[in-house]
Amino acid sequence: MAANARLANMNAMERCFATTIPSRLSILSRDLLFVVCMNTVIAVSLNYGFRTGGTLWHNFVYSQLIGMSIWMLIDIPRVLIWWNDRPRRWPFLCLAVTAVPMGVLLGSWATRVVLDLPPKLPAETGEMLRMCLVVGMLASASMIYFYWSREKLAYLERQAALDALQREEAEKQLVRAQLMALQAQIEPHFLFNSLANLDGLIATDPRAARQLLQRLIGFLRVSLAHTRAEQCTLRQEFELLRSYLEIQSMRFGARLDYELDLPPALAEVEIPPMLIQPLVENAVTHGIEPCMRGGKIMLSARAMGDNAVQVSIADTGIGFGHGKGKGSGLGLTHVRERLARIFGAAASMQMEENTPRGVIVRLTLPMTRPATAPASPAPAAAAPARQPAGAAPAMPRP
């Protein structure tokens, strides 16, 4: 179980980094767009602000070719070496100091070739190179600051995504721990009563004792599988609860009757495991058991529109305010906490008086189906075949 949790955590981390770290090509494309915009701003500033002479087209070509040359000599090595990580400070500064004058010379030469400019005098060439070098240094400084800030922001975003993933995994581990604690709380009390009933049946009705033992083994097998899963279907949960109620029916005899109604269309809806069982156990322990004449438990599910399902647990036991305060209420507390942690405000639990007596608990959950749900609901229809929906089962009484 721990190995599966670690594997799921590693897969989630890989998906997180795959979605947060762009490819080298996307990084270069994004940087190129920024460089082109900045070169255009420099060209307009040189033409209208500094009035360096020449036409706007000449200044535009100068700025673009010099800026692109500096960008290729700085950004391409940076992406190839460090990718999307923050560059090491001193190696990157050395790269920038070397790339700026080389980019100015390369861009100036490319400009003369593109514009087919005549050769200039050495004095004019030196003055032009000095101006281009100053402009290139200013542009490169702003570009370096932009890249540095952006890489720092990207690093912080990745760290925040990783922290969020770790918090989510920690919450999942907490929910699993709560589920195991709830299972440990439910099973000892249930097993004690079942084994005590089994001990009495061995002497009086060996056939019923064997039947109870078989049902108890089946229940524990399914219950163990539930605790190891993060999701189960309503069909699986109803089958588990059917086994539970069958065992309790053999214990209470004619005092306990039950009915399960699961529409085939909802059989493959996924819910968290062991979410309904504490409520059913609560109905048996606090509703039916204290009532001298017993009662009936009705477990049903129905769709609430297209995006929600409601599971109802109704009993005809003693109802509110008539019990002796037996129990600590931890089962209901666990259910509420799990609903809040897993679904937030999308799920709710309501409790109200039943008519003529008893309690009704309604769980409203978001409707989630498995990605590879079977096209035909034949397995879901097979379970009610032993006990038709809407009819109480004919159980052997000890």
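Could you identify the single residue in M137, M128 that is modelled with pLDDT under 70 and part of a helix (DSSP H, G or I)?
Exactly one of M137, M128 is modelled with pLDDT under 70 and part of a helix (DSSP H, G or I), namely M128.
Okay, residues lined up against (1) surrounded by 16 or more Cβ atoms within 10 Å (Cβ to Cβ); (2) of a type in the set (A, V, I, L, M); (3) at pLDDT 65 or above; (4) part of a loop (DSSP other than H, G, I, E, B):
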{"site": "S328", "(1), (2), (3), (4)": "no, no, no, yes"}
{"site": "H334", "(1), (2), (3), (4)": "yes, no, yes, no"}
{"site": "A340", "(1), (2), (3), (4)": "no, yes, yes, no"}
{"site": "E352", "(1), (2), (3), (4)": "no, no, yes, no"}
{"site": "T372", "(1), (2), (3), (4)": "no, no, no, yes"}
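Of all residues in the range 227-246, which are part of a strand (DSSP E or B) and hydroxyl-bearing (S, T, Y)?
T233
The values are calculated or read from the model by the stated rules, or taken from the named source; none is laboratory data. Computed from a predicted model, the values in this text were never measured in an experiment. So basically every Cβ, Gly included, is an ideal-geometry build from the backbone, and we count neighbours across all protein chains shown.
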